[in-house]
């Protein structure tokens, strides 16, 4: 029953023509004072013909159920006639947007974070959507929340918490979205639903640790910047000494080289501009 069976229903225009013909016949019998025949034709006309007419809009479908048996699904848009005794369940094939609510969960290293996702999904197999789950709309909401929670628990928020992590929630946006989409497709396949796109729409530390984590990030950024400045300054000092020795501009003993290196590092690594002191005497006074 969960396997979708797409059917092509007869045209509804022929059934509509039959409806008007039977209606004319019923009117004739009423006029000729044969109301019993007219009443029978009217009942047959309404029950068997009119009740079987359906309109299927574009990107919609009708799941037909006859006395508890799945008869098939009409997916093509148009005007049709089907068995009037079937239950005709409308299932939309359009894409839906699910703007998930913000969830408070712990990442893989235990930090509380807030996370939310936007998911675009649509029904692919109507039989599974109707028969495999109780309510496929509610099923999508619950399984999407479970998938987002599982994703948040599987990776750290950033490399600051786990420097060895290859993927983080903050730094690996494309990889995280791909894995979320893959997990959702696995979870929602039971209901015949395909996830078109899934992306993280909100990601932040929980309020109780947000300020502390911000200070930690700032400190890490300052350390990284200082490391870069020092590496650049050492390279410039080395280049200056090599150029002076190469061009034989001046010969410095080890003590003067050390003083020169110290002065250059102070100038290059200092946060504020320095005021140079010009030596008008000899090199040693």
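The values are calculated or read from the model by the stated rules, or taken from the named source; none is laboratory data. None of these values were measured; they are calculated from a predicted model. A quick note on method: Cβ atoms are made from the backbone with ideal geometry, for glycine too, and the neighbour counts reach across all protein chains shown.
The table below gives the values:
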item	result
Selection from segment 152-180 of residues that are surrounded by 19 or more Cβ atoms within 10 Å (Cβ to Cβ) and at pLDDT 90 or above	180
Output for segment 79-115, where each listed residue is more than 26 Å from the chain's Cα centre (by Cα) and part of a loop (DSSP other than H, G, I, E, B)	82, 83, 84, 85, 86
Matching entry among 78, 72 (being in contact (Cβ under 8 Å) with a residue 40 or more places away in the chain, within 18 Å of residue 15 (Cα to Cα) and out of contact with any helix residue (DSSP H, G or I) (no Cβ under 6 Å at 6 or more places or on another chain))	78
